[in-house]
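Reading through the structure tokens given below for one structure.
The values are calculated or read from the model by the stated rules, or taken from the named source; none is laboratory data. Every value quoted in this text rests on a predicted model; they were computed, and no experiment measured them. Here the Cβ positions follow ideal geometry from the backbone for every residue, glycine too, while neighbour counts run over all protein chains shown.
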Amino acid sequence: MPRVGVLGLQGDVREHVALLEHLGADVVRVRRPEEFAQVEGLVIPGGESTVMDKLSRAFGLRDPIRAAIDDGMPMLGTCAGLIMLSDRLTDGIVGQQTFGGLDVLTRRNAFGRQVDSFEGEIPVPALGEEPVSATFIRGPVVEEVGADAVALAALPSGVVVAVEQGTLMGISFHPELSGEPRFHQRFLDRVAARG
Ligand code: GLN
């Protein structure tokens with residue numbers, strides 16, 4: 001049973017913990033470097049990326065997380081978590097930093113006010129034939145997928161909403177809210193494969 005962390009500074013931490021535990025993982029809420037040192041993979045939840053950025057720096061988590069990304073630790077970021085894992089960000093606030101790791105350009109709050117929250121069925125071929133039921137809440141989109149990353153899913157308009165690069169995955173929406181377990185299972189498989 002792999003021990004994995006959910007970054008617990010802010011956001012929808014509880015929903016990720018519940019889904020990972022349902023899938024059989026041993027889950028630690030990570031707020032301190034000592035907690036991060038115990039885990040073999042990290043989920044970065046949805047929430048507010050500007051706050052996660054500030055708190056992760058204040059709590060001394062940014063540098064160890066950055067080092068773990070370089071070392072190949074599996075990570076899954078949803079929504080604000082995708083922002084945190086993006087190498088390049090547009091529409092961030094002044095001084096906003098990300099951890100990086102995914103060779104992508106991501107735009108914050110990309111859907112505009114009228115349609116900032118919606119649900120839809122999205123095909124994700126890497127997860128099998130059954131489409132994913134996706135919940136978007138003021139989500140980001142991936143505007144450019146660099147040479148090192150691959151798109152896992154796009155909206156009918158062609159806008160990319162899920163990407164993968166090695167052991168890192170970032171998605172614009174919230175599978176932990178729609179009860180979709182396959183991204184988290186893929187993350188746990190990556191953790192197990194590494195162990
Ligand atoms: N708009 C948020 C941000 O910029 C992301 C929204 C979410 O995670 N549901 O971090």
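So, in region 55-64, how many residues would count as being among the charged types (D, E, K, R) and either in contact with a helix residue (DSSP H, G or I) (Cβ under 8 Å, 6 or more places away or on another chain) or buried (at least 17 other Cβ atoms within 10 Å of the Cβ) (or both)?
Residues meeting the conditions: 1.
What tally of residues in region 17-53 results from selecting those that are in contact (Cβ under 8 Å) with a residue 24 or more places away in the chain, among the acidic types (D, E) and under 12 Å from V6 (Cα atoms)?
3
Of all residues in region 84-111, count the ones that are assigned to a loop (DSSP other than H, G, I, E, B) and closer than 21 Å to L177 by Cβ.
Going through region 84-111 one residue at a time, the tally reaches 4.
Taking region 162-186 on its own, how many of its residues are more than 16 Å from the ligand (Cβ to nearest atom), modelled with pLDDT of 95 or more and assigned to a loop (DSSP other than H, G, I, E, B)?
3
Every residue in region 133-158 that is among the hydrophobic types (A, V, I, L, M, F, W, C), within 16 Å of the ligand (Cβ to nearest atom) and not in a strand (DSSP E or B), please. Talk me through it step by step, then tell me what you get.
Just the residues of region 133-158 that are among the hydrophobic types (A, V, I, L, M, F, W, C), to begin with: 134, 136-137, 141-142, 145, 147, 149-155.
Those still in the list that are within 16 Å of the ligand (Cβ to nearest atom) too: 134, 136-137, 141-142.
Of everything in region 133-158, nothing turns out to be among the hydrophobic types (A, V, I, L, M, F, W, C), within 16 Å of the ligand (Cβ to nearest atom) and not in a strand (DSSP E or B).
Under the condition of being more than 9 Å from the ligand (Cβ to nearest atom) and without any contact (Cβ under 8 Å) to a residue 24 or more places away in the chain, which residue from region 90-111 is farthest from S56 (Cα to Cα)?
The extreme case among them is V94.
Taking the options E130, E121, name whichever one is surrounded by fewer than 14 Cβ atoms within 10 Å (Cβ to Cβ) and either part of a strand (DSSP E or B) or aromatic (F, W, Y) (or both). Quick ask: steps written out before the conclusion?
Values: E130 fails: either part of a strand (DSSP E or B) or aromatic (F, W, Y) (or both).
None of the others qualify; the one that does is E121.
Looking at A67, A25, A80, can you tell me which residue is away from the ligand (no atom under 16 Å from the Cβ), among the aliphatic types (A, V, I, L, M), modelled with pLDDT of 95 or more and crowded, with 19+ Cβ neighbours inside 10 Å?
A25
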